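The values are calculated or read from the model by the stated rules, or taken from the named source; none is laboratory data. Here the structure is a predicted model, which is why all the values come from computation and not from measurement. With ideal geometry, Cβ positions are generated from the backbone for all residues, glycine too; neighbour counts draw on all protein chains shown.
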Amino acid sequence: MPDARPLKVLVVEDESLVALDIENMLEEMGCKVVASVPRLLRALDLAASLDFDLAVLDINLAGEVVYPLAFRLAERGIPFLFSTGYSTADLPSELRDRPILRKPVAPANLKRAVALARTGIRSVN
């Protein structure tokens, strides 16, 4: 029998309107957004204590890269995907196999990236 509980998602995005759009799309998909944070330090704190199933990570958070959080999630086995409007050429090689969600975010692309992250299929390209 499939798990009926909603997927709990952490959203890490520094642009409030983009965060709101992603949150709304996730909720329309049946997910529960357990937290939405705009800064790396707060996200690192929450990642250590919050119960969530997946994270949507903006690569650039007000000039800081989200890689420390991504590495921490990878170590814990928590699926995540990156969202960005920039090039991913500088993405560390260890993180290049994660789904990339291009901004502006379209609902179908978010749904696909979430599904890929959850099933362990990492590369969207």
query = Which residue pairs have Cβ atoms closer than 6 Å, lie 6 or more positions apart in sequence or on different chains, and pair a first residue in the stretch 47-62 that is in contact (Cβ under 8 Å) with a residue 12 or more places away in the chain with a second residue that is in a strand (DSSP E or B) and polar (S, T, N, Q)?
reply = 56/83; 58/83; 59/84
query = Does residue 105 count as of a type in the set (A, V, I, L, M, F, W, C) and over 22 Å from residue 8 (Cα atoms)?
reply = no
remark   = Residue hits (the stretch 30-49; in contact with a strand residue (DSSP E or B) (Cβ under 6 Å, 6 or more places away or on another chain) and hydrophobic (A, V, I, L, M, F, W, C)) are 31, 33, 34, 35, 37, 40, 43, 46
key: Close pairs from the stretch 11-29: first surrounded by 17 or more Cβ atoms within 10 Å (Cβ to Cβ), partner among the charged types (D, E, K, R) and assigned to a helix (DSSP H, G or I), Cβ under 9 Å, at least 6 apart   = 11/23; 12/42; 13/23; 25/111
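Among the strands (runs of 3 or more DSSP E) contained in the stretch 26-124, which hold 3 or more residues that are under 27 Å from residue 4 (Cα atoms)?
32-37, 54-58, 80-84
Can you tell me which residue is surrounded by the most Cβ atoms within 10 Å (Cβ to Cβ) among those in the stretch 31-86 that are among the aromatic types (Phe, Trp, Tyr) and farther than 16 Å from residue 18 by Cα?
If we take residues in the stretch 31-86 being among the aromatic types (Phe, Trp, Tyr) and farther than 16 Å from residue 18 by Cα, then 80 is surrounded by the most Cβ atoms within 10 Å (Cβ to Cβ).
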task = Give the residue that is modelled with the lowest pLDDT, with candidates limited to residues of the stretch 1-45 that are closer than 19 Å to residue 115 by Cβ and of a type in the set (Gly, Ala, Ser).
result = 4
